[in-house]
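A.B. asks: Starting off with a structure, shown below.
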Amino acid sequence: MSVSAKVRLNRLFKQGKCLDVAIDHGIANEPDFLVGLEDISSVMRSLIAAQPDAIQVNYGQADLLQQAATPKPALVLRTDVGNAYNAARHREMWAVLHNPEEPILAALQLDAAAVVVNLYQIPDEPGIFRQCVENIGRLRHACDKYAMPLMIEPLVMAAKGQGPAYGSLGDAAQIVPLVRLARELGADIIKADPTENVEDFHRVVEAARCPTLVRGGGKGELGAVLEKSAALMAQGAAGMVYGRNVYQHDNPTRVVKALMAIIHQGVSGAEALEIYRQA
């Protein structure tokens, strides 16, 4: 990785750790994901005040972060859009880059610290997998040219998931090879689902051989989320990329404070819950 890319990466990772709050869910075109994000301007103001390490958004909402005064979290910009999260099963599954000709132009213009893209593995859907590999190839070339860190999000998805037609799986036997593929394709950062057995997550970290952030998925009970987050950090995770497990809780600002304590101070899940209650 070039010195310039490391400079961007250092804006994300403080002492090698990172909390990236994702509010890029509008790109999924799925109403359930938007609960809590109706007034995204207000959500953004609250998150900036809470000071996570990064905020992950799409192009059309990035101005809300980048026009804010410093200090502020780093920008992680999503580069792709697809239909894998919709409640209805589609005849054609697809994932495309916003701008296939200049895939990171917007990220450069907006002074992003990294870009993120999906790598979907869905049963009987080789087309979307091929599109994801092609997307990553275009992005890797552009990221090398302009010294932009590339976050790849490898997702092992089931034909029948919880809520949407496709839900991600926690099967380590499938996650590990897909994470390894993402690294082989040139990931600088991995955003991976937690393994069903938390004690298996170190295998994901080993396959990634780069900073590995845990994907949050659907909203869970806060105490359990914090306990699991602390356990995943103990398995070698470099942090979290949480969305609904932040913005769909009653007080997202306090959730950020609790997660930051786990990630950067090494507190336990129980201690983090007390931080949430007392904040």
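The values are calculated or read from the model by the stated rules, or taken from the named source; none is laboratory data. All figures in this text were calculated on a predicted structure; none of them were measured in a lab. Here the Cβ is made from the backbone with ideal geometry for all residues, glycine too, and neighbour counts use every protein chain on show. Ligands, DNA and RNA are excluded from the accessible area calculation, which covers all protein heavy atoms including side chains. Shrake-Rupley method; radii C 1.70, N 1.55, O 1.52, S 1.80 Å.
A.B. asks: If the limit is 19 Å between Cα atoms, which of Lys14/Lys72; Lys6/Lys145; Lys14/Lys228; Lys17/Lys145 go over it?
C.D. replies: Cα-Cα > 19 Å for Lys14/Lys228; Lys17/Lys145; rest within.
A.B. asks: Still on this structure, I have one more. Within 10 Å, at most 12 other Cβ atoms, and a DSSP state outside H, G, I, E, B define an exposed site. Report the longest part of the chain free of exposed GluC sites (Glu not before Pro).
C.D. replies: 102-195
A.B. asks: Which aspartates and glutamates have a Cα lying under 14 Å from the Cα of Lys257, excluding residues fewer than 8 positions away in the same chain?
C.D. replies: Reachable aspartates and glutamates: Asp20, Asp53, Glu271, Glu274.
A.B. asks: From the protein chains alone at 1.4 Å, what is the descending order of accessible area for Thr70, Thr79, largest first?
C.D. replies: I get Thr70, Thr79, largest accessible area first.
A.B. asks: Using a probe of 1.4 angstrom, how much of the accessible area of the chain is carbon and sulfur, in percent?
C.D. replies: So the carbon and sulfur contribution to the accessible surface is 50 percent.
A.B. asks: Tell me the per residue accessible area of segment 68-128 using a 1.4 Å probe; a whole number in Å² is fine.
C.D. replies: Value for segment 68-128: 44 Å² per residue.
A.B. asks: Could you work out how far the C-alpha centroid of segment 1-70 sits from that of segment 168-184, in angstrom?
C.D. replies: The distance from the Cα centre of segment 1-70 to that of segment 168-184 comes to 25 Å.
A.B. asks: Not counting ligands, DNA or RNA, and with a 1.4 Å probe, what is Phe129's accessible surface area in Å² rounded to the nearest 10?
C.D. replies: Taking all protein chains as shown, Phe129 has close to 60 Å².
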